[in-house]
Amino acid sequence: MGKYTRCYLFLPDPFPSAHKSKKYPTMKTNVARPPIHTHEGAVAKHINAEQQLRRSVMSCMLWEAEFYESGQTIADRIKSLIPSVPPDVVAGIAVEAREKMKLRHVPLLIVREMARIATHQHRVATALAQVIQRPDELSEFVAIYWKEKRQPLSAQVKKGLAAAFQKFDAYSLAKYNQDGAVKLRDVLFLCHAKPKDDAQQALWKQLIDDKLPTPDTWEVALSAAGSEGDKLAIWRRLLAEKKLGALALLRNLRNMQGVNVPIEEIRQALVDIKVERVLPFRFISAARFAPHLEPDLEVAMFKCLEGRAKIQGKTILMVDVSGSMDGAISGKSDLKRVDAACGLAMLIREVCQDVEIYTFSNALAAVPARRGFALRDAIVGSQDHGGTQLGQAVRAIMGSRKSDRLIVISDEQAADPVPDADRKAYMLNVASAKNGVGYGSWTHIDGWSEACLDFIGEFETTTRE
């Protein structure tokens, strides 16, 4: 099992020989090294720079503090690791973080750091064009580029920004054309983008002249609303015309209920929702403000599982409910790290053929056979949220319960030694802490989206062949 622990989610190793080169050496396993520890005190595993980069990136809300580390500490570690990882691999991690883990800002930081490094600069343009998927990310990237000081953009950065600029239509440019330290028109001038046709040239002239048509967004429409009746009419129109994106819909359920939007219309919008860019825990947040819509939110959330084959056999799932998992995901959100874990657990419960679920903190606790938001409630309320006795919990399971696989969802900050796995075992890391325990005999996965489930399916298919 150990040889599979350095893994990608669907991204093959594009640089297989680079890990053996002098520039990007593999870690020597026969050299004694001083022990390293988790924040709770357990001995952690020594891992290579690529693995360190992945665990720091895939659940990172850039510059947001986590329970054990500041956002700046995590960002500085990401920057320090990039020179030690092959450029194609770094670019792949940035794209995966954006497309699979649905993170917006940390991929921009990665590409910005690549632009500083001579050996990595040739991958900047293509990586930047891939990770920028909204117009405001053009401005955000330049702001990150200038965070330390204002300086000329590199040729590769200009090329990547120019390619990204060509992807956006009039509506998206108008929607994200906001005042700020860096405006979209500034980026257009800086990168010297060339329009792909006369229509785009005319569009960009409107952007330059600040004459883009006002976009029909919920923010614009509601800013002009006066009475509650006006707001009700606006919400109903936006729903009927399908003008609300998935995140806007989920975040505004409370506002729509506040002006008495008919519940049938909201439910229909949830039926039509596109979940490709929505992380599972966003549905948990939405359910807090609209608990009577939980059945509809469950159905919407499970849409991301459509087309996935069941994971066959018996699965034991263990979910970390220690105190650190109650840490906020970001300072602007009510979401906690345990919400990310519960979101994954809710999906795993659906996709596994046969599953037993437990939680661990100071003790190991069995969770009733529930599903959806009822499972979330059962996980959170299963026991007090205290220490992280992960090793004790794993030993108890391995000594008493047989299964085809073991899946642990955790921030990996164990307080006690974690044993080698005695079966197929996965450690799903939903935090960015520096050190972890789920390597070696454990197959390690970083992240918090449904792509983690895809990896398990792909991995098991590959290992059977």
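Readers should treat all values here as calculations from the given coordinates under stated rules, not as data from a laboratory. Small disclaimer: the values here were computed from a predicted structure and weren't measured. With ideal geometry, Cβ positions are generated from the backbone for all residues, glycine too; neighbour counts draw on all protein chains shown.
Structure above, values below:
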{"item": "Where only C-alpha atoms are counted, convex hull volume of the stretch 308-464 per residue in Å³", "result": "109 Å³"}
{"item": "Contact order normalised by residue count of the stretch 226-304, Cα under 8 Å, 6+ apart, percent", "result": "33 percent"}
{"item": "FRET efficiency estimate (nearest 0.05) - Cβ-Cβ, F289 to D404, R0 45 angstrom", "result": "0.70"}
{"item": "Antiparallel bridge percentage (DSSP; both residues within the chain; nearest 5)", "result": "20 percent"}
{"item": "Distance in nm between pseudo-label sites at T126 and V299 (7 Å out along the Cβ direction from Cα)", "result": "4.3 nm"}
{"item": "Taking N as its residue count, the alpha carbon Rg of the chain over 2.2 N^0.38 Å", "result": "1.03"}
{"item": "Of every Cα-Cα pair in the stretch 44-208, the percent that sits beyond 24 Å", "result": "35 percent"}
{"item": "Label-to-label distance, nm, for residues given as E265 and D216 (7 Å Cα→Cβ offset)", "result": "1.5 nm"}
{"item": "Gyration tensor (alpha-carbon) shape descriptor, the stretch 75-167, a/c threshold 1.5", "result": "rounded"}
{"item": "Other-chain or far-sequence residues with amide H under 5 Å of A425's (modelled H)", "result": "L406, T443"}
{"item": "Within the stretch 308-464, percent of DSSP bridges classed antiparallel, to nearest 5", "result": "15 percent"}
{"item": "Cα-based radius of gyration of the stretch 226-304 once divided by 2.2 N^0.38 Å, which approximates compact folds", "result": "1.03"}
{"item": "Geometric extent, Cα atoms of the stretch 132-273 - Rg, Dmax (angstrom)", "result": "18.2, 53"}
{"item": "Separation in nanometres of the label points that stand 7 Å from Cα toward Cβ, at D384 and Q312", "result": "4.5 nm"}
{"item": "28 Å Cα-Cα reach of K194 towards lysines, excluding residues that sit fewer than 8 places from it in its own chain", "result": "K147, K149, K158, K159, K167, K175, K183, K205, K211"}
{"item": "Full-stretch length increase - D76, A225 - with 0.36 nm per residue and alpha-carbon distance subtracted", "result": "49.2 nm"}
{"item": "Relative contact order (%) - criterion: Cα under 8 Å, at least six apart; region: the stretch 242-379", "result": "22 percent"}
{"item": "Vicinal HN-Hα couplings computed from phi for the stretch 285-297 (Karplus, 6.51 cos²θ - 1.76 cosθ + 1.60; Hz; Gly/Pro x)", "result": "4, 4, 5, 5, 9, 9, x, 6, 9, 3, x, 6, 5"}
{"item": "Centroid-to-centroid separation of the stretch 397-465 and the stretch 194-213 [C-alpha atoms, Å]", "result": "50 Å"}
{"item": "Gyration tensor (alpha-carbon) shape descriptor, the stretch 308-387, a/c threshold 1.5", "result": "oblate"}
{"item": "For the stretch 241-247, Karplus couplings with θ = phi - 60° (6.51, -1.76, 1.60), whole Hz, Gly/Pro x", "result": "8, 6, 9, 9, x, 4, 5"}
{"item": "Net length gained if the chain between D422 and K196 were fully extended (0.36 nm per residue, minus Cα distance)", "result": "75.7 nm"}
{"item": "Hz values of 3J(HN,Hα) by residue in the stretch 452-457 - Karplus curve (6.51, -1.76, 1.60), Gly and Pro given as x", "result": "4, 5, 4, 5, 4, x"}
